[in-house]
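A.B. asks: The structure follows.
The values are calculated or read from the model by the stated rules, or taken from the named source; none is laboratory data. All of these numbers come straight from a predicted model, not from anything done at the bench. Quick reminder, even Gly has a Cβ in these numbers, built from the backbone with ideal geometry, and neighbours come from all protein chains shown.
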């Protein structure tokens with residue numbers, strides 16, 4: 001077995017079917033197996049997927065395990081020399097998987113590889129991520145990518161050759177099995193968000209590089225699962241940021257992050273609510289932002305309870 005494809009789904013039946021079809025429709029001759037972990041879906045997923053794709057290894061969890069724990073569950077059963085973590089709202093170009101595996105086979109120092117992500121309308125998405133720092137979390141990321149493009153690579157630049165990067169966006173996350181085993185998979189302290197970033201950092205410390213492969217094309221719906229519960233998803237993102245800084249930075253940097261994020265959050269909440277009032281509540285964008293920022297403030301006022309966020 002060359003590639004084990006791991007998909008997580010939670011109430012995203014149609015998108016997951018399309019993701020599976022894109023894997024089955026790949027133009028390469030690689031031997032593959034597909035694992036789908038269903039994180040307690042309540043839609044038609046438990047009925048449709050096993051009936052439609054009997055060749056897929058389908059496992060339904062009784063509760064939402066989160067991303068890292070569910071992926072680790074599937075990876076434990078997988079047999080491939082490479083593991084592909086593929087978002088349920090991602091679609092592979094026919095040659096994407098073959099190109100990525102071929103490149104990694106010829107570059108043994110590469111532990112993780114990602115492709116160029118595109119929106120359904122064909123626009124480039126950010127496919128590269130820097131390791132989180134006070135700069136990336138407190139300043140405008142677009143401004144950082146514009147002023148210091150070499151230090152902060154992004155979609156604004158046209159890459160023609162593979163590029164070594166700090167981390168990649170995890171919608172298409174191809175990892176060498178030996179590296180996965182060395183690092184013992186994803187850190188399950190991350191429930192949703194930044195688990196792949198943490199993995200790339202640990203891979204680099206173990207001597208393996210992470211590569212962005214622009215010749216590998218993947219279409220990505222960008223956050224279909226998160227859009228089902230915007231407030232809960234944003235709380236999970238903030239929890240993961242705090243977890244990442246607590247794990248990889250000292251108390252001073254962690255404390256500065258808390259203070260800086262809270263100050264920025266208050267400003268964003270006031271601004272979004274003001275604009276929501278000025279538009280008489282007719283702008284969906286400002287209604288949603290006001291609601292999400294309000295939920296984040298309330299979460300902080302409650303002392304950042306661990307049980308808040310997405311349903312478990």
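A.B. asks: Of all residues in segment 76-113, count the ones that are under 21 Å from residue 209 (Cα atoms) and assigned to a helix (DSSP H, G or I).
C.D. replies: If we filter segment 76-113 for residues that are under 21 Å from residue 209 (Cα atoms), which is where we start, we get 80-86, 96-113.
If we keep only those that are assigned to a helix (DSSP H, G or I) as well, we get 96-105.
Looking only at that region, the number is 10.
A.B. asks: When you check residue 140 against the structure, is it touching a residue at least 24 places away in the same chain (Cβ under 8 Å) and under 20 Å from the mean Cα position of the chain (by Cα), yes or no?
C.D. replies: Taking the combined requirement at face value, the residue does not satisfy it.
A.B. asks: Which one of these is closer than 22 Å to residue 219 by Cβ and surrounded by fewer than 17 Cβ atoms within 10 Å (Cβ to Cβ): 160, 151?
C.D. replies: None of the other options fit; the residue is 160.
A.B. asks: All but one of (1) loosely packed, with under 15 Cβ neighbours inside 10 Å; (2) outside the structural domain of residue 87 (by TED's automatic domain parsing) hold for residue 206, so report the exception by its number.
C.D. replies: (2)
A.B. asks: Run down 38, 43 and say which single residue is surrounded by 15 or more Cβ atoms within 10 Å (Cβ to Cβ) and either in contact with a helix residue (DSSP H, G or I) (Cβ under 7 Å, 6 or more places away or on another chain) or in contact (Cβ under 8 Å) with a residue 60 or more places away in the chain (or both).
C.D. replies: It is 38.
A.B. asks: Further question: From the list 263, 252, 230, which one is within 30 Å of residue 23 (Cα to Cα) and either assigned to a helix (DSSP H, G or I) or outside the structural domain of residue 137 (by TED's automatic domain parsing) (or both)?
C.D. replies: After applying the criteria, what remains is 230.
A.B. asks: When you go through (1) part of a strand (DSSP E or B); (2) over 13 Å from residue 171 (Cα atoms) one by one for residue 116, which number turns out not to apply?
C.D. replies: (2)
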